[in-house]
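Structure first, commentary second.
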Amino acid sequence: MNKENLLVLSFGANIGEREKNIERAYSLIEKNIGRMQKKSSFFETKPWGFESEDLFINSVACFSTKLDCKEVLRVIHLIEENLGRKRTDWAGYQSRTIDIDILFYNDLILESKDLTIPHPLLHKRDFVLLPLKEILPDFIHPVLKQRIGEIKLQ
């Protein structure tokens, strides 16, 4: 029997009905990946890494899942596509209807071509760190070896 795993995801949207897009993503994740345990408030933030007049709504949520992390990534990409995200060959950041990133999967440390866990930039992004501190202040970052609540934005 597969054990339940802690999955922590970040969500961002700056096109269309931003909050509804994130809420739809929550619902699709619960239907296809696992049960939500906790979610943060919504935070409105400026785009990071590119210019746009469209502000983002961001949040972080925890789920329990029996899927492995590679399967979670595959399903997340399908959910993003279902919610109107258009992936392009362009490597830079751009506006989107939804963006879902895996922040943590238990205390796994993974570096592969397709996936790095924990998310390598989470401690450099206030739009991830602030909602993460709201719901998981005592979680220990497996690489930084610090409580989330103690991590300073770098």
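The values are calculated or read from the model by the stated rules, or taken from the named source; none is laboratory data. Quantities reported herein were computed from a predicted structural model and do not represent experimental measurements. We place every Cβ from the backbone using ideal geometry, glycine too, and count neighbours over all the protein chains shown.
Here are a few things to note about the model shown:
- The set of residues in segment 22-63 that are closer than 30 Å to K3 by Cβ and without any contact (Cβ under 8 Å) to a residue 40 or more places away in the chain comprises E23, Y26, S27, E30, K31, G34, R35, M36, Q37.
- Strands (runs of 3 or more DSSP E) contained in segment 1-82 and holding at least 1 residues modelled with pLDDT of 95 or more and touching a Gly at 6+ places or on another chain (Cβ under 6 Å): 56-65
- Qualifying positions in segment 98-140 - out of contact with any Pro (no Cβ under 8 Å at 6 or more places or on another chain), surrounded by 13 or more Cβ atoms within 10 Å (Cβ to Cβ), in a strand (DSSP E or B) and not aliphatic (A, V, I, L, M): D99, D101, Y105, T116
- Meets criteria (within 20 Å of A25 (Cβ to Cβ), touching a residue at least 60 places away in the same chain (Cβ under 8 Å) and touching a helix residue (DSSP H, G or I) at 6+ places or on another chain (Cβ under 8 Å)) for I98: yes
- Members of segment 1-36 that are among the hydroxyl-bearing types (S, T, Y) and either crowded, with 17+ Cβ neighbours inside 10 Å or under 14 Å from the mean Cα position of the chain (by Cα) (or both): S10, Y26
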